[in-house]
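Derivation of every value follows stated rules applied to the coordinates shown; laboratory data play no part. None of these values were measured; they are calculated from a predicted model. Neighbour counts run over all protein chains shown; Cβ positions are idealised from the backbone, glycine included.
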Amino acid sequence: MSVNLFIDGAAGTTGIEIRDRLAGRSDIALILLDEARRKDPAARAEALNDADIVILCLPDDAAREAVSLIRNPRTKVIDASTAHRVDPAWAYGFAELEPNGREMLVQAKRVSNPGCYPTGFLALVRPLVRAGLVPADWPLSVNATSGYSGGGKAMIAAFEDPDAPDATDTAFRIYGLGLAHKHVPEMTVHAGLSVSPVFLPAVTRTLRGMIVEVPLHLHALPARPDIAAIRTLLADTYRDSPVVQVDQEEHALLRIEEVAGTDLLRLYVFGNDRTGQARLVALLDNLGKGASGAAVQNLNLMAGLGETAGLQL
């Protein structure tokens with residue numbers, strides 16, 4: 001028996017990538033609307049209510065509207081927008097983040113898919129806060145660089161089409177300079193922090209991939225953990241995960257494309273015990289574990305299917 005799935009916003013980048021991961025699967029039956037019916041409110045409402053599970057790949061306001069159109073208690077929802085990521089009525093769709101994460105998602109009716117930047121930040125920081133190695137009020141910063149596909153079709157066109165209205169030949173640019181990025185509340189709440197981190201996002205000229213980095217002054221932390229302690233804690237936290245890996249090797253450099261094209265999340269701990277400084281690094285594909293891969297993983301759990309079915313690992 002297959003699960004009836006409707007992707008609202010299937011023509012966008014995230015929706016297309018989700019469909020790619022579902023191709024050839026006999027356990028998922030897609031509810032499809034042609035171009036004319038896709039923008040028909042009545043047709044959308046019918047599809048939303050016919051589905052066992054809906055994935056919303058929409059702007060925030062459109063996602064909220066879609067949820068309001070569901071009139072039955074049966075249809076489950078995965079929202080890939082930011083609309084519900086700090087809503088306590090919605091389960092947070094990061095299965096590995098909390099000890100009971102998978103069980104929570106198996107039972108959930110409403111799941112908010114995590115953002116790409118928060119996925120890397122939370123994977124690094126949440127275990128440290130939970131273990132008391134980083135206090136909840138500690139002043140953290142997070143440096144993060146994404147491939148340009150993270151900006152959707154408009155940004156992809158700007159980087160790839162010289163005739164696009166906002167075409168650019170830039171190699172690297174920073175943004176979010178007002179320190180009010182929409183991902184910051186999500187990072188703060190789900191890390192268990194009482195003080196928001198300083199978030200420094202950037203985009204570079206590569207289609208996909210993401211580096212998220214959190215620097216720490218270990219000697220200033222109350223618990224004074226060393227690098228080995230942090231690496232061991234992360235390794236223990238994600239030991240049973242098929243998706244999250246903690247790399248134990250030494251590296252001279254890391255590339256943003258390291259896990260691009262996969263649904264993996266790979267974590268690293270670098271540093272210098274003599275100076276008491278550390279660099280915590282997460283590598284992921286912004287369209288993989290940062291978006292579509294996470295949505296498919298959540299879909300699998302909510303539908304009672306194999307957790308990694310359709311994922312690229």
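About the Cα centre, and with charges only on the beta carbon of Lys, Arg (+1) and Asp, Glu (-1), how big is the dipole of the chain? Nearest 20 debye, please.
Details: 30 positive and 38 negative charges, 106 e Å.
Roughly 500 debye for the chain.
Each of Ala167 and Arg74 was given a label point 7 Å from its Cα along the Cα-to-Cβ line. The distance between the two points is 5.1 nm. Only one residue of Val281, Gly261, Pro197 has its Cα farthest out toward the positive end of the dipole of region 166-313, where Lys and Arg carry +1 and Asp and Glu -1 on Cβ, and that residue is Pro197.
To check you understand DSSP bridge types, tell me what percent of the beta bridges within region 116-286 (both residues inside) are antiparallel, rounded to 5. Walk me through the intermediate numbers first.
Values: 23 of 33 bridges.
The antiparallel proportion sits near 70 percent.
Here, region 116-286 has an Rg and a Dmax of 16.6, 55 Å when only alpha carbons are counted. Working note: Karplus 6.51/-1.76/1.60 with θ = phi - 60° gives region 270-278 the couplings 10, x, 9, 5, 5, 8, x, 10, 9 Hz, where Gly and Pro are set to x.
Taking the Cα centre of region 47-147 as origin, work out the dipole magnitude from +1 charges on Lys and Arg Cβ and -1 charges on Asp and Glu Cβ, in debye rounded to 20. Numbers along the way, then the final one.
Details: 10 positive and 11 negative charges, 40 e Å.
Value, rounded to 20: 200 debye.
Would you mind checking the tilt of helix 41-50 against the longest principal axis of the Cα atoms of the chain, expressed as 0 to 90 degrees and rounded to 10? The helix 41-50 is inclined about 70 degrees to the chain. The modelled label-to-label distance between Glu257 and Ala23, using points 7 Å beyond Cα along the C-beta direction, is 2.1 nm.
For the peptides 205-214, 173-182, the ranking by packing is 205-214, 173-182, with the highest mean count of neighbouring Cβ atoms within 10 Å listed first. Once you order the gyration tensor axes a ≥ b ≥ c over the Cα atoms, which shape class does region 195-271 get: rounded for a/c under 1.5, otherwise prolate or oblate by comparing a/b with b/c? Oblate shape, in that a/c is at least 1.5 and b/c is the bigger or equal ratio. Centre-to-centre, using Cα atoms only, region 264-313 and region 15-65 are separated by 25 Å.
Each part reduced to its alpha carbon centroid, region 91-132 and region 170-245 end up 14 Å apart. Label 7 Å along Cα→Cβ of Leu177; region 142-162 residues with amide nitrogen under 15 Å? Answer for this model: none.
Quick check on packing: order 4-13, 221-230 by the mean number of other C-beta atoms within 10 Å, highest mean leading.
Per-residue mean Cβ counts within 10 Å order the peptides as 4-13, 221-230.
A Förster distance of 41 Å, applied to the separation of the beta-carbon atoms of Glu249 and Ala11, puts the FRET efficiency at 0.50.
Annotated for the chain: lysine pairs at least 8 residues apart or interchain, Cα distance under 21 Å, count 7. Exposure proxy ranking for Val86, Val259, based on other Cβ atoms within 10 angstrom of each Cβ and starting from the fewest, stands as Val86, Val259.
For the chain, what mean projected area does the convex hull of the alpha carbons give, in nm²? Spell out each step's value before the answer.
On the way: hull surface 66.7 nm².
Over every viewing direction, the Cα hull of the chain projects on average to 16.7 nm².
Once you've got the GNM for the chain with C-alpha springs shorter than 10 Å, pick whichever of Asp247, Asp79, Asp34 has the biggest mean-square fluctuation. Maximum among the listed residues: Asp34.
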